[in-house]
1. What number of residues within region 16-32 satisfy the criterion of being at pLDDT 90 or above and either aromatic (F, W, Y) or surrounded by fewer than 14 Cβ atoms within 10 Å (Cβ to Cβ) (or both)?
2. Got at least one residue in region 265-282 being more than 22 Å from E209 (Cα to Cα) and either assigned to a loop (DSSP other than H, G, I, E, B) or modelled with pLDDT of 95 or more (or both)?
3. Any idea which residue in region 63-91 is nearest to L135 (Cα to Cα), counting only those that are in contact (Cβ under 8 Å) with a residue 24 or more places away in the chain and of a type in the set (G, A, S)?
4. Are there any pairs, at least 6 apart or on different chains, whose C-beta atoms fall under 9 Å, with the first in region 21-32 and closer than 21 Å to F46 by Cα and the second among the aromatic types (F, W, Y), and if so, which?
5. Pull up region 254-277, narrow it to residues that are of a type in the set (G, A, S) and over 30 Å from P99 (Cα atoms), then point me to the one that is surrounded by the most Cβ atoms within 10 Å (Cβ to Cβ).
6. Among the residues of region 232-248, what is the count of those that are buried (at least 20 other Cβ atoms within 10 Å of the Cβ), out of contact with any Ser or Thr (no Cβ under 9 Å at 6 or more places or on another chain) and more than 13 Å from G270 (Cα to Cα)?
7. Contact list please: Cβ distance under 8 Å, first residue in region 265-292 and over 15 Å from F207 (Cβ atoms), second residue loosely packed, with under 14 Cβ neighbours inside 10 Å and not basic (K, R), pairs at least six apart or on different chains.
8. Go over the candidates S201, S133 one by one and state the one that is in contact with a Leu (Cβ under 8 Å, 6 or more places away or on another chain), outside the structural domain of G272 (by TED's automatic domain parsing) and among the hydroxyl-bearing types (S, T, Y).
Amino acid sequence: MALLARGVDFFGRDGFPLAVRIARTEPGGKPSHAYDVTEVDHFHDFCELVLVVAGKGIHRLEGESFPVAAGSVFVVQGRQVHSFREREGLVLVNVMYDPERMPLPEGLLRRHPGYSALFQLEPGFRSAHRFSSRLELGREDLGAAEVFAERIRAEEVGGAAGNEVQRLALLVELMVFLSRRYGESETGERRALLRMGRLISTLEQRFAEPWTLEKLADEANLTRTQLLRVFRQATGQSPVDFLITLRIEEAKRRLRRTTANMTEIAHDCGFGDSNYFARRFRAATGHTPTEYRRRGGG
């Protein structure tokens, strides 16, 4: 039976939900740190960005086995059961974070196709791709990624004022660095994930356009059925619901920061008319646009 690796054991009960731990291959299987369960089947209530910085081994993930070696980089999302076996000098740098509890700029990150592909799509498709869609870094890029992780760890241990903000900034910088590298490695199965990542990026920036499922499927070079399945697996939403969410968020921003009337906001955010806009806004927020503006966005 798989063990639960709890975030509270790494972050503390009220701590900032970002930590870095190094798991080395110790003689006799000795743990590298408190709560080290590298060789035991386990799952998390947080996400884990894994940098393989030395050695090799077998990654057991959801009942399947994949070889990993220095340079392999991948994300293990919460509730995915995994472990590492047959370790030969394997050294892992595990960047642990809880995206539900920290203010990651998800909207901005998703504008980069590599981010959507590496951090959101690849974890759900690696079984189908036999892990061939993971990121592989050369020595120089791997060293740069490791430096980011070391700096996050130093801030965590040092505990200086402002360390939470600095750690968050370093994590975002690391994510962008890895996303760019993933976007540059458009080979094999990565190409398909990047194609969907580009669609998500496109919607983040062009959400006001009159999209239809047919247009979205053409943009992603997928059938409608494929699009609906892959998009929900990537985002947890249908393409239409994802678009509505983006449009509502932009409408909220305009209601807080501008004096534009409801018809202007509806049009600029991609809604067909102000009545439809008002209905969708109330369904999403519990308030009419006018009430939301009057309350100052509260």
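The values are calculated or read from the model by the stated rules, or taken from the named source; none is laboratory data. Bear in mind that the values here come from a model prediction, so they are computed numbers and not experimental data. Neighbour counts run over all protein chains shown; Cβ positions are idealised from the backbone, glycine included.
1. Within region 16-32, residues that are at pLDDT 90 or above and either aromatic (F, W, Y) or surrounded by fewer than 14 Cβ atoms within 10 Å (Cβ to Cβ) (or both) number 1.
2. Residues of region 265-282 more than 22 Å from E209 (Cα to Cα): none.
Within region 265-282, not a single residue is more than 22 Å from E209 (Cα to Cα) and either assigned to a loop (DSSP other than H, G, I, E, B) or modelled with pLDDT of 95 or more (or both).
3. Restricting to residues being in contact (Cβ under 8 Å) with a residue 24 or more places away in the chain and of a type in the set (G, A, S), the top hit is S72.
4. R21/F10; R21/Y35; A23/F84
5. In the first step, residues of region 254-277 are kept if they are of a type in the set (G, A, S); the result is 260, 266, 270, 272, 274.
Then drop every residue that is not over 30 Å from P99 (Cα atoms), which leaves 260, 266, 272, 274.
Numbers: A260: 14, A266: 23, G272: 10, S274: 17.
Restricting to residues being of a type in the set (G, A, S) and over 30 Å from P99 (Cα atoms), the top hit is A266.
6. Within region 232-248, residues that are buried (at least 20 other Cβ atoms within 10 Å of the Cβ), out of contact with any Ser or Thr (no Cβ under 9 Å at 6 or more places or on another chain) and more than 13 Å from G270 (Cα to Cα) number 1.
7. Qualifying pairs under 8 Å: D273/T263; S274/T263.
8. Working: S201 fails: in contact with a Leu (Cβ under 8 Å, 6 or more places away or on another chain).
Going through S201, S133 in turn, the sole match is S133.
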